[in-house]
Amino acid sequence: MSQLVYIATEPSDRIRVEGITTPDWIHSQLIESVDAIKGRQFRVTGPIPKGACLLVDSPYAVIPVVDEPAHNDKLICSNPACNRPAPRHTRTSCPNACIPDVAWCGNICRDADSLRHDFECVWLKRYAGTIRSKWGEYDFGMLWMILRLLAARHCQLSERTLAGVVESTKHWKHGWSGIESLCGSEDTWPHDKVRSWSTLVKKYLRSSSTLPHEMSADRVLHLICQEEANSFGLYPRETGHFPVPNPPVDRGEQFAAAVYPTAAIANHSCLPNVGHLPPKPEIAKVMLIHRKIIHKADDKGRMVFTASRDIFPGEECCISYFDLTQYTDLTSRREHLRKSFRFVCQCERCVSEESADESTEWTAMPMMDM
């Protein structure tokens, strides 16, 4: 197999966390543009070879998604500078026993995460059980994600920047300004869903002494609309590999969800030319990409975009929003995207398959007597 070597001596940004410096990286040929229909999108200004790393983006907020967290080795460390697995035999739990989903890989991560976790701790202990029993696990996860977005903003405003909280640069919006730039609004979603979210905001996310975010209920509702349109599920294996390998290999069981300020710019295609890959080794030094990959996050929860084929100048860079081994035909793909992401896919693959279906239907139509 071929091996491509990329030297990234000048990362575009660095994240400062309690004296720890972790690079985020953006390819010099990758730009943000605007399409009249799609809105924001990634394009490249020059040729990109298959296997090239395009983007490394740290999450602004991430939550674990596991069953029986107290007994699950896939639970991730709650310190956003870490996000690594927190095995049962080494993890440290919240001293206030808020919820079992909150754990750290050790005391060092727990102590470093005190400012951010203090923002969420009382809220989790007071409301998590009620929300889960009354509203369900999905709505709890959504509200917790919003809570962690607000907690990250709180830390950023407190000038103690945590992992995934980066100041905006001239060319790219990071940190809270990147979150504010995410697509999604009340008009994006059905009215009944927006009304339900509005009720949840008024019940559980109003600004108070418990949640000192100082944002209006309308702004928090808007944040939910943005988060629901832009959050990523994190899986142990790549997503969106196309053509689907034979036998197909799915992406595995989700272990976390996250919101990425820059990676969220990427649009969907059922014929993606970009995937996600853990960096090998550190992006700031030398990256060795030596196999055909699509996407997942690395062991720090960073999202890594990698070209899954050669990409030509001016071409849009697209990922797959879902597991292409699970939704294989045109109807199931479009229905999933319509329900989950509120659009009808018009990518090259879908348009081609739609034309083929129409041609088949026309050919199969019986002739009428004249």
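Couple of notes before you dig in:
- Rolling a 1.4 Å probe over the protein heavy atoms of the stretch 51-165, with every protein chain left in place, gives an accessible area that is 52 percent carbon and sulfur.
- Theoretical gain in end-to-end length, LYS339 to SER196 [0.36 nm per residue, Cα-Cα removed]: 49.8 nm
- Local electrostatic count at LEU221 - Lys and Arg +1, Asp and Glu -1, tallied over other residues with Cβ under 13 Å: +1
- Beyond 27 Å in Cα-Cα separation lie the following of the pairs LYS193/LYS300; LYS50/LYS300; LYS74/LYS339; LYS134/LYS193; LYS134/LYS202: LYS193/LYS300; LYS74/LYS339.
- Near the amide H of ARG40, within less than 5 Å, lie the amide hydrogens of ASP35, all on another chain or at least 5 residues away, with H placed in the peptide plane.
- Each label point was placed 7 Å from the Cα along the Cα-to-Cβ direction; for LEU271 and ARG132 their separation is 4.5 nm.
- Relative contact order for the stretch 71-150: 22 percent, from Cα pairs under 8 Å spaced at least 6 residues apart, divided by residue count.
- A 1.4 Å probe run over the protein chains yields, for the stretch 41-129, 40 Å² of accessible area per residue, whole-number rounding.
- Dividing the mean sequence gap of close Cα pairs (under 8 Å, 6+ apart) by how many residues the stretch 181-248 holds gives a relative contact order of 39 percent.
- Diffusion coefficient, µm² s⁻¹, Stokes-Einstein with Kirkwood Rh over alpha-carbon pairs of the stretch 186-283 at 20 °C and 1.002 mPa s: 129 µm²/s
The values are calculated or read from the model by the stated rules, or taken from the named source; none is laboratory data. Just so it is clear, the model here is predicted, and its values are computed rather than measured. Every residue, glycine among them, receives a Cβ derived from its backbone with ideal geometry; neighbour counts consider all protein chains shown. Side chains included, ligands, DNA and RNA excluded: accessible areas come from the protein's heavy atoms. Shrake-Rupley method; radii C 1.70, N 1.55, O 1.52, S 1.80 Å.
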